[in-house]
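A quick write-up on the structure given underneath.
Coordinate-derived values only; no laboratory data. Small disclaimer: the values here were computed from a predicted structure and weren't measured. Cβ: placed from backbone, ideal geometry, glycine included. Neighbour counts: every protein chain shown.
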Amino acid sequence: MIELPGIPFVDLAAHHAPIREELDRAIDAVIDASQFVRGPAVAEFESAFAAYCQSENCVGVGNGTDALELAIDALGLPRGAEVITTPTTFVATAEAIVRTGFRPRLVDVDPDTWQLDPRALRGGLGSDVGAVIAVHLYGTPAPMVEIDRLLEGSGVACIEDAAQAHGAAYAGRRVGSLGRVAAFSFYPGKNLGAFGDAGAVVTADAELAERVRRLGDHGRAGRHRHEVVGRNSRLDTMQAAVLLVKLARLDEANARRRAIAARYRSGLDDVPEVDLPVEDQDATSVHHLFAVGCDVRDALSEHLRGEGIATGMHYPVPVHLQPAFRDLGYSRGDFPHAERIADRTLSLPMYPELPDGAVERVCDTIRKYFGAH
Ligand SMILES: Cc1ncc(COP(=O)(O)O)c(C=O)c1O
């Protein structure tokens, strides 16, 4: 029997191979100039990425978690404020709220789209709420028009957690331009990934951007003047140079992710045991992840592994059931939709270089497992 090659979950080497020389040249130029912090590539990337997001300002920072923390911090919310978000996200979203001294108030997701549920948000809004973090989960934008409508005139700021959604759009506008401020991660496996940790804050508000820049650069307001107690979280010149090379190819890579997602959708169409999040007509996803729901998730994942197909889970434990967030006082049963998703979610291989044949093989393996033909 011929053994088929394995299908990895992501393949960064395949992503970098065709642009390797360009990446090498960009890195060499940084080494030659030896301006490793605040070098020219940083400002160049910041302006290119702000334009890409259809926004005005971008501040490069150390990673996506810092981007969230700095965005929250720069908003200057009142002491004791609560920040609403969903339990269906990477812990960094809630972590950033706690680390900046605020309290996460969680609201459930929509059982169909798996995104923040505007009805739950309406129920969660109250006088203590200072901001909402809308997570664009799996690269699919949260329902930003309805969120905007709910927050209009309330003074509650909307922060986009766009860590998984570079290039995604809602009702024709790119993420990063949809809320008051947005946080991006450039963790290597993201749609736009650096060669290490990196992130950015994007906002149309120049003053807010300046506060973020200052907070992430030791509160600096001049060479030897420090206006506020800040911290050190800056985008490296080397990472900025790498990101500039990759940004030029992001749309092409996202288009390929969409084509792969369409193939998965049609390939799994007649497998009733597997369900997919319902697509919001206004949302243009960039499919950072391709997650499906399945009652026998763990058994299916094991079976796929045995067939050489790697999978992931995003995320098997919702935020409110993580030991780190025990103090929030939530328990099982508080967010039934988030809990059901966590129990059933399975992420299939997804990266732009994934060949059509591999997508077919994943679908066929799942179909055979459930006995569909
Ligand atoms: C939804 C979400 N928010 C925030 C982050 C944090 O980004 P970083 O890992 O760059 O700190 C991530 C990264 O995995 C994420 O997926």
Check your understanding: HN-Hα J couplings of the stretch 328-340 from phi, Karplus 6.51/-1.76/1.60, θ = phi - 60°, integer Hz, Gly and Pro as x?
Key -> 5, x, 8, 9, 4, x, 6, 10, x, 5, 4, 5, 5
Review point. From the backbone phi of the stretch 172-177, what are the Karplus-calculated ³J(HN,Hα) couplings (6.51 cos²θ - 1.76 cosθ + 1.60, θ = phi - 60°) in whole Hz, Gly and Pro given as x?
Key: x, 10, 5, 4, x, 10
Point to revise | Pairwise label distance in nanometres, residue 28 with residue 279, each label 7 Å out on the Cα-Cβ vector | key: 4.3 nm
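Once Rh is set to the Kirkwood radius over Cα pairs, what Stokes-Einstein translational diffusion coefficient, in µm²/s, holds for the stretch 274-373 at a temperature of 10 °C and a viscosity of 1.306 mPa s?
Approximately 104 µm²/s, per Stokes-Einstein.
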Check your understanding: Applying 1/(1 + (r/R0)^6) with R0 = 41 Å to the Cβ-Cβ distance of residue 295 and residue 47, what FRET efficiency is obtained, to the nearest 0.05?
Key -> 0.25
Exercise for review: Provide 37, 271 in ascending order of the number of other Cβ atoms located within 10 Å of each residue's Cβ, fewest first.
Suggested key: 37, 271
Revision key, fill the gap. Given backbone amide H placed at 1.01 Å from N, residues whose amide H is under 5 Å from that of residue 310, ignoring those fewer than 5 places away on the same chain, are 7, 9
Exercise for review: Work out the FRET efficiency for residue 256 and residue 223 from their Cβ-Cβ distance, taking R0 = 45 Å, and round it to the nearest 0.05.
Suggested key: 0.50
Revision key, fill the gap. For the stretch 23-79, the Cα gyration tensor yields equivalent-ellipsoid semi-axes (√(5λ), largest first, whole Å) of 28, 14, 9
Review point. Order of 288, 224, 320 from fewest to most other C-beta atoms within 10 Å?
Key: 224, 320, 288
Exercise for review: Report the charge-dipole magnitude of the chain in Debye, nearest 20, computed about the Cα centre from +1 at each Lys and Arg Cβ and -1 at each Asp and Glu Cβ.
Suggested key: 780 debye
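I need 85, 311 ordered by Cβ neighbour count within 10 Å, fewest first.
So the residues, fewest neighbours to most, are 311, 85.
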